[in-house]
Every structure is written in structure tokens, then in C-alpha cells.
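Participant: Please read through the structure below; I'll follow up with questions.
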Amino acid sequence: MRATLPLLALLVLLAAGAANAQFAFAPPAVDLTGEWAPRVYNTHMDIGDYTGMPINEEGRLRAQSWHPDQLDLPENLCRPHPIDHGLRVSVSQLRITNELDSETRLPVGLRLHVWWQEPEQVIYMDGRPHPSPNAPHKWSGFSTGRWERNTLVYRTTHLKEAYLSRTGVPKSPNAEVTTRMHRYGNLLTITFIIHDPAYLTQPYIRESSWVLDPNQVIPTYPCEITPEGAIVPAGKVPSFLPGQNDVLRDFPTEYGIPFEAALGGAETMYPEYIKKMKTMKVAPRTTTEHFRRTQ
Amino acid sequence: MARRGILLVAAVALLLSVHIAGQGRGGAQNAPPATARAAAAFDITGYWVSEVTEKWRYRMLVPDKGDYQMVPLNPEGRKVAAAWDPARDQTSGEACRSYGAVGLLQVPGRLHITWQDDNTLRLDADSGTQTRLFRFGGSPPPSAEVSWQGSSAAMWGGGEPRDRRDGFGGPAQDPTGRLAVVPAQRKESDYLKVTTTRMRPGYLQKNGIPYSGNALLEEYFDLFSDPYTKNTWVVLTQVVTDPQYLIEPLIMHAHFKKLPDAAGWDPTPCRADEPR
């Protein structure tokens, strides 16, 4: 009997070790931690460029009322992007570290840090639930993740109202973002699947990639707020009233795109739309070298 | 009697633990599947349609000559891009330059993916009416000739040996919240990797942004279903390495939504001056 008890204990331990699902914090299938250098597109840079975005009428109306001078308001000068957008624009150097509980020092998930405006996102993988819908919304929201084989999949809620593009296409505070992180050797691809019934008619999917760069040094991001009135007259909130956005047609005219197509919508995302565009009017172009502004 | 009961429980526990461990490691003692089809990480067959949500004006239109934003072209590449002449391509038998392996999946259209045989995936694209063959197992292509679609070697990726701390990327908590060391997880294949060489020189974009015959194309296909809409997509990451025209490897993406059938299949010839 004395010899059997240790054997039983050993067997129980063996069985527990074999079923990793029992652990509150599942060990990662793939190591995503490290310094990742961006290889990021910067599309949707022009006012009036809603191409390929499945926005609805409400989203379009909000986007068309957005004025670029809003970026110069004191409250917006150091405003970060929500991380699903911040990871895709600017110079989005990325650092991923293990997140430890501040008191117990036990692992609870992963932490993302991005250079521009220094947003941080913690992806909890210890089984905790999402907070109440009434809990405060944050720039990086609240995220819980799990492994699907070797892919980290996480769901983000509680995001502040923000933008889908740098030119004012809105995202509501009720949006949810499913993110998939897949490591292919030293390449990291992140796929964002954005659900926002307030402004989108279907999921909006986009991808970005990073390359492992162990020597990358992410600098700090000091941001200074200029006093109210220094750039935009005090008390003024720049915007366009419905139907009065006088720069909306610049983008489609510059690039020879039918105005209707530039306004986006799910239909514009599919190959059939190429045929349809041939039946649409295109404003005469004054040059075919507008792209040189940013090249 | 009591001792016999304890031994019986012990034997059952031992069997159970071995059974669970075997499952967790994917049955390491089992022989690997004999064919790529049997070993498939996911079912990529069927009809798919491009969803163009980024780089829209580069894909849904023919971009302007010289517009190579976001492409790390070197001076030689810029020189070639500046000499692009779609009319000449159309009349000189080079109309398929933008439908080669590198550019094909950036061209909006539909795909039909099938198993040609147990070790060859076949991808048909209606845009340009092109066919790519992804050969598994290192079998050489029947012809060593260069072609628009080149020669593609395929593998199910993700199950390769661990990098650094994969599977140990930090300690784990046991059910009571204590620090624990867990056995390594076996990595299972979960993506399709395709490596393509021996391509005819072609275009990365419809507006004559070149890649050379020495280009190396590495592609990663990932498949997922969206929990809200239940739709399925394939996400493609492409890495183009071409020192002749690129300063550094170019990374491109595209994604495709699963379709129930062939509706909308619209084969087109190669056209140098059309988006698809």
C-alpha cells in the first residue's frame, strides 16, 4: 500500500501534464514575443477615399463631414489611434512581450506596444471574461485571446469611438475586432476583421505584416499639445456640413475614379464592380501624376 | 482485495494518461499521411472571390504609369517601370505579364481550387484564364521551361521544429494559479506554403512594375471562419524577393471569400490595359 500511493500520485500528475487544456493560461503554441519591424501599407490617405470599405450611409455621412483641421485641435494632437488602426499606419514598430500579473508575476497573456503615440494592448489569455458593456471604453479596448493551432486569435471590445482610416471614416464604440496573428518563420502577418454594424454592412478585413528585427529600438513618443487657438481658432470645430464638402471630389478626379466608386460600399470590393465602373462618369483629369505628391 | 482495487485504478489511470498524451502529440507514433491531400491542414478547395479592401486603386483600376508607391523598387526597376507600354505588351505576346504567379492573385477575380491528384493542388483563376499547380513532396515539374506561373513547390507549414521558445513561451499556471512547467506542445501544420521560381519576367502591378525571371515568390495561405457571419476566407501573404528590381523583399496581401458555387465565374483573356 505504501508503495502504491506514490505511483498513483505520479500517474495523476502524468495525466494532468498531458492535458494542457487544464491550465488557466495555455502555453503558447508559437513564440510571438520580440521586436517586429513594420512592412505596412499606407492606403486611404486622401480625403474622399473610401474605396474598398464596406461602409453604409451613416458611415459615409460621418466620413464626409470630417475635416482635416480636426487633427490640429488640442484634444486631438496627441490622441492615439485605436490599436487595430495604429498598427497599420504611421511607423508602427511593434514590440510583443509576455504580460505578467503585477502582483503574482504569473503570466496572463501578451502585451503589444506600438511606437506612434505609444498605444499598449494587453491580450488576456487566462480565461477572464470581457467586462460589462457599461465598463469604460479605451483606445486599445479589452482583448481576450486563444490559440487556434499556431495562430493567436483575439477579440477586442470596449474600443473608443475612432476611425477606420486617417481621413475620417468612422468606427463606432460598439465595434468589435477579431485579430489573427500568424507567424511564418520571421514574418508576422496580422489580419484584422472589423465588425461594426453601426457603420459597416459586412466585416471589413485587412492585413499587415512585420519582420522580426531583434535589434529594433522603439524610441519614446513625446507628444506636445499646443494651446487652444494656436493652430485652429479657439472654439472652432472644423467640419463640413452635409453636402458642403468641397474637397470630396478631388481624390476621384485626381486618380480617374468614378465619384460613386470612391464613396465605397461593399459592392465596390468585388471584381464585378470593374465592369460596372465602365458605365460610370469620370471627371476629366488635369494630370496623371498626382501620385508624385507622396512618392 | 483493497490492494487489487488500487492496482486496477492505477492501471486504468496509466492507460488513460498514455491515451491522452498520445492525442496531445498528434499520435506521434502513427505513420505520417501518405499524401499531401490526406495531410491537408485545411480544405482550401472550392470557389473563392477576391475582396479588394486595400490598395484598391492599384487593383480595381490600371494605375498610372510610374505610380509605384509602397513598392521598394531600385533604380533599375524604376527605369523599367517608366518604360511600360501596355499597347506594345498587348501586340507582342506579353499581355499576360501582369497575370504571372506574382501578380495573378492581386488581380481581382475568382479562383477555383481543386486537387489535381493526391499531391498537386490546382488553382484556376478566371482573370487571365491562368492555372497554377502547387506540387507537394518535392516532385519536380514535368517541364523545366520557364512560364508565367513558374514552378511551385508546396508544403503544409507550421508543424516544423520549434523556434526558440515556441511552446514554452513563458511559464504556465496550473488550475490553482501556481507556476507550472508544462510539456511541450506538438505544433500542427496550419498553413499552406508555396514557393515559386522559374517564372517568366512579369509585373507586380498592372502598370508595369517589374519582377525579373530570377524572382523568388513565397506565399502563405491561411484559412479562417468568421464567428459572426460564419463566412470563410483565405488570407494570402506574398513575399517577393527580387534583387534585380527590388531594394528589399516586397510583402503583399490579398484575401478571398469562399463561394458556394461557380456563379460569377468569368474567364477573361490576358489584357494589358484592363484591371482584370
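Participant: For region A:120-155, enumerate the residues that are among the hydrophobic types (A, V, I, L, M, F, W, C) and in contact with a strand residue (DSSP E or B) (Cβ under 6 Å, 6 or more places away or on another chain).
Facilitator: Residues of region A:120-155 among the hydrophobic types (A, V, I, L, M, F, W, C): A:122-123, A:125, A:135, A:139, A:142, A:147, A:152-153.
Passing the criteria: A:V122, A:I123, A:M125, A:F142, A:L152, A:V153.
Participant: While we're here: Residues A:Q70, A:Q121, A:Q117, A:Q64: which one is outside any strand (DSSP E or B), touching a Leu at 6+ places or on another chain (Cβ under 7 Å) and not aliphatic (A, V, I, L, M)? Break it down into steps so the answer makes sense when it comes.
Facilitator: Numbers: A:Q70 fails: touching a Leu at 6+ places or on another chain (Cβ under 7 Å); A:Q121 fails: outside any strand (DSSP E or B); A:Q117 fails: touching a Leu at 6+ places or on another chain (Cβ under 7 Å).
Just one listed residue meets the conditions, A:Q64.
Residues are listed down the side, and each one gets a yes or a no for (1) at pLDDT 95 or above; (2) hydroxyl-bearing (S, T, Y); (3) in contact with a helix residue (DSSP H, G or I) (Cβ under 9 Å, 6 or more places away or on another chain):
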site	(1), (2), (3)
B:D43	yes, no, no
B:E54	no, no, no
B:V62	yes, no, yes
B:Y68	no, yes, yes
B:K79	yes, no, no
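Participant: Kindly provide the set of residues from region B:90-124 that are in a helix (DSSP H, G or I), of a type outside the set (S, T, Y) and out of contact with any Cys (no Cβ under 9 Å at 6 or more places or on another chain), ordered by number. Walk me through how you get there before you give the answer.
Facilitator: Taking region B:90-124 as the starting set, the residues that turn out to be in a helix (DSSP H, G or I) are B:90-91, B:95-99, B:101-104.
Next cut, of a type outside the set (S, T, Y) only: B:90, B:95-97, B:101-104.
If the condition is that a residue be in a helix (DSSP H, G or I), of a type outside the set (S, T, Y) and out of contact with any Cys (no Cβ under 9 Å at 6 or more places or on another chain), then B:A101, B:V102, B:G103, B:L104 are the ones that fit.
Participant: Sticking with this one: Take the residues of region B:224-237 that are in contact with a Leu (Cβ under 9 Å, 6 or more places away or on another chain) and more than 10 Å from chain A (Cβ to nearest Cβ): which is farthest from B:T195 (Cα to Cα)?
Facilitator: Step one: filter region B:224-237 for residues in contact with a Leu (Cβ under 9 Å, 6 or more places away or on another chain), giving B:232-237.
Filter once more, so that each one left must be more than 10 Å from chain A (Cβ to nearest Cβ): B:232, B:234.
Working: B:T232: 24, B:V234: 17 Å.
Among them, the one singled out is B:T232.
Participant: Can you name the residue in region B:210-232 that is hydrophobic (A, V, I, L, M, F, W, C) and surrounded by fewer than 20 Cβ atoms within 10 Å (Cβ to Cβ) and is also nearest to B:C96 (Cα to Cα) among such residues?
Facilitator: Narrowing region B:210-232 to residues hydrophobic (A, V, I, L, M, F, W, C): B:215-217, B:221, B:223-224.
From what's left, surrounded by fewer than 20 Cβ atoms within 10 Å (Cβ to Cβ): B:216, B:223.
On the way: B:L216: 18, B:L223: 28 Å.
Only one residue tops the list, namely B:L216.
Participant: When you go through A:G265, A:G243, A:G256 one by one, which is the residue that is buried (at least 18 other Cβ atoms within 10 Å of the Cβ) and outside the structural domain of A:W66 (by TED's automatic domain parsing)? Reasoning before the result, please.
Facilitator: Working: A:G243 fails: buried (at least 18 other Cβ atoms within 10 Å of the Cβ); A:G256 fails: buried (at least 18 other Cβ atoms within 10 Å of the Cβ).
Matching residue, one of A:G265, A:G243, A:G256: A:G265.
Participant: Identify, please: which residue in region A:160-174 is within 13 Å of chain B (Cβ to nearest Cβ) and under 11 Å from the mean Cα position of the chain (by Cα) and is, among those, surrounded by the most Cβ atoms within 10 Å (Cβ to Cβ)?
Facilitator: For region A:160-174, the residue satisfying everything is A:L164.
Participant: Is it the case that B:T196 is closer than 30 Å to A:M277 by Cβ and either in contact with an Asp or Glu (Cβ under 9 Å, 6 or more places away or on another chain) or free of Cβ contacts under 8 Å to residues at least 24 places away in the same chain (or both)? Even if it seems obvious, please write down each step before you answer.
Facilitator: Values: closer than 30 Å to A:M277 by Cβ: no; either in contact with an Asp or Glu (Cβ under 9 Å, 6 or more places away or on another chain) or free of Cβ contacts under 8 Å to residues at least 24 places away in the same chain (or both): yes.
So B:T196 fails the test.
Participant: In region B:81-105, which residues are within 30 Å of B:W48 (Cα to Cα), among the small types (G, A, S) and either over 28 Å from the mean Cα position of the chain (by Cα) or modelled with pLDDT under 95 (or both)?
Facilitator: We begin by selecting, within region B:81-105, every residue within 30 Å of B:W48 (Cα to Cα); these are B:86, B:89-90, B:93-105.
Remaining after also requiring among the small types (G, A, S): B:93, B:95, B:98, B:100-101, B:103.
B:G93, the sole residue that qualifies.
Participant: Could you tell me how many of the residues in region B:250-275 are in contact (Cβ under 8 Å) with a residue 40 or more places away in the chain and within 22 Å of B:F221 (Cα to Cα)?
Facilitator: The total comes to 13.
Participant: What is the residue count in region A:103-114 for residues that are at pLDDT 90 or above and either more than 14 Å from chain B (Cβ to nearest Cβ) or surrounded by fewer than 16 Cβ atoms within 10 Å (Cβ to Cβ) (or both)?
Facilitator: Residues meeting the conditions: 3.
Participant: Further, regarding this structure: Which ones in region A:262-289 are touching a residue at least 12 places away in the same chain (Cβ under 8 Å), more than 8 Å from every other protein chain (Cβ to nearest Cβ) and in a helix (DSSP H, G or I)?
Facilitator: Listed by number, the residues that qualify are A:A262, A:A266.
Participant: Identify the residue in region A:39-58 that is within 14 Å of chain B (Cβ to nearest Cβ) and not in a loop (DSSP other than H, G, I, E, B) and, among all such residues, is surrounded by the most Cβ atoms within 10 Å (Cβ to Cβ).
Facilitator: Step one: of region A:39-58, the residues within 14 Å of chain B (Cβ to nearest Cβ) are A:39-46, A:48-55.
Now drop any that are not not in a loop (DSSP other than H, G, I, E, B), which leaves A:39, A:55.
Details: A:R39: 21, A:I55: 25.
Across region A:39-58, the extreme among qualifying residues is A:I55.
Participant: While we're on this one: Having 3 or more residues that are under 25 Å from A:D46 (Cβ atoms) is the bar; report the strands (runs of 3 or more DSSP E) wholly within region A:138-242 that clear it. Lay out the reasoning, then the answer.
Facilitator: Details: elements: A:142-148, A:151-157, A:176-184, A:187-195, A:204-212.
In region A:138-242, A:187-195, A:204-212 are the strands (runs of 3 or more DSSP E) which contain 3 or more residues that are under 25 Å from A:D46 (Cβ atoms).
Participant: For A:T157, only one of the following conditions fails: (1) surrounded by 22 or more Cβ atoms within 10 Å (Cβ to Cβ); (2) modelled with pLDDT of 95 or more. What is its number?
Facilitator: The single condition A:T157 does not satisfy is (1).
Participant: So A:K275 ticks every box in (1) more than 23 Å from A:M45 (Cβ to Cβ); (2) in the same structural domain as A:Y163 (by TED's automatic domain parsing); (3) not small (G, A, S) but one. Which box is left unticked?
Facilitator: Answer for A:K275: the failing condition is (2).
The values are calculated or read from the model by the stated rules, or taken from the named source; none is laboratory data. As the structure is a computational prediction, the values presented were derived from the model and not from experiment. Quick reminder, even Gly has a Cβ in these numbers, built from the backbone with ideal geometry, and neighbours come from all protein chains shown.
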